[in-house]
Amino acid sequence: MTDAASGLLTAATLNRFTTKTRDRLLETSLVLFNERGFGAVTTASIAERAGVLEGSLWYHFRTKKDILTAHIELLQQVFDGTNLDADSTDAETIIAGIFASYDVIWDFRYILRDDFGAVLDADEPALQTTRLINDFLDTWTEGRIRHAGENGLLEMGPAEMEDLSEIILVIGRYWLDFSAKKYPNTDNLELRHKGLQHIFKVLSPYLTGEAKELISVRLQP
């Protein structure tokens, strides 16, 4: 089983899994899809990494599309769990929410990164759902930046908010794939932390003094 120290998945997601076979398959496939892409991973490789027979995988999931659907449901659960205080006006709570949301994007980045139109039929419900999830997170990220601005943590105009939210999403979706090639000897935990540093470096010119102080504490190694 994966642990948070590996940096492959964060604690908020790992805590949703048990040692039961179905959860082991979900956890293993999530790591593999993130590493290799949905289209490149076979059910045989998932079963082998999880330490179960492929027949056991088919008992729980008829196809990879069923695993994708289960991951989307899990993403929604984790996201909801980390955003219980999304409307808070407390500065520290807002900053904590931004960090937690980055973790969600990191853990489920294949759903936000991969081109499912190349591997799923156009009328496939899972394809439509992945697009809805992407649209939702795009809108949500821009909304979180706006919320931080309204509560005195960021100083920027509406156009800048939209641009910055797009940059943050790009880093969340693609950073590991780029960084793993550039820093092949660096572990995932450090790469994830470095991705956070990049996000806040982009935001730095717009952050108020209070926000910078709260963020610097959280970015400590």
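The values are calculated or read from the model by the stated rules, or taken from the named source; none is laboratory data. All values reported here derive from a predicted model rather than from experimental measurement. Here the Cβ is made from the backbone with ideal geometry for all residues, glycine too, and neighbour counts use every protein chain on show.
Residues checked against (1) in contact with a Lys or Arg (Cβ under 6 Å, 6 or more places away or on another chain); (2) surrounded by 16 or more Cβ atoms within 10 Å (Cβ to Cβ); (3) closer than 30 Å to E210 by Cβ:
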site	(1), (2), (3)
V119	no, yes, no
P125	no, no, no
Q128	no, no, no
R131	no, no, no
T139	no, no, yes
I145	no, yes, yes
L153	no, yes, yes
G157	no, no, yes
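Condition first: closer than 30 Å to E213 by Cα and either modelled with pLDDT of 95 or more or in a helix (DSSP H, G or I) (or both). Now tell me which residues in the stretch 76-88 satisfy that. Let's see the steps before the verdict.
First, pick out the residues of the stretch 76-88 that are closer than 30 Å to E213 by Cα: 78-88.
Of everything in the stretch 76-88, those that are closer than 30 Å to E213 by Cα and either modelled with pLDDT of 95 or more or in a helix (DSSP H, G or I) (or both) turn out to be V78, F79, D80, G81, T82.
Which pairs turn up if I take residues in the stretch 199-221 that are free of Cβ contacts under 8 Å to residues at least 24 places away in the same chain and look for partners that are β-branched (V, I, T) and surrounded by 12 or more Cβ atoms within 10 Å (Cβ to Cβ) with beta carbon separation below 7 Å, at least 6 apart in sequence or on another chain? Once the first residue is free of Cβ contacts under 8 Å to residues at least 24 places away in the same chain and sits in the stretch 199-221, its partners that are β-branched (V, I, T) and surrounded by 12 or more Cβ atoms within 10 Å (Cβ to Cβ) give F200/I215. Of the residues making up the stretch 15-44, those that are among the hydrophobic types (A, V, I, L, M, F, W, C) and buried (at least 17 other Cβ atoms within 10 Å of the Cβ) are F17, L25, L26, L30, V31, L32, F33, F38, V41.
The single residue among L207, L164, L203, L214 that is surrounded by 13 or more Cβ atoms within 10 Å (Cβ to Cβ) and modelled with pLDDT under 85 turns out to be L164.
Only one of the listed residues (T89, T130, T141) is touching a residue at least 60 places away in the same chain (Cβ under 8 Å) and either among the charged types (D, E, K, R) or farther than 19 Å from G39 by Cα (or both). That residue is T89.
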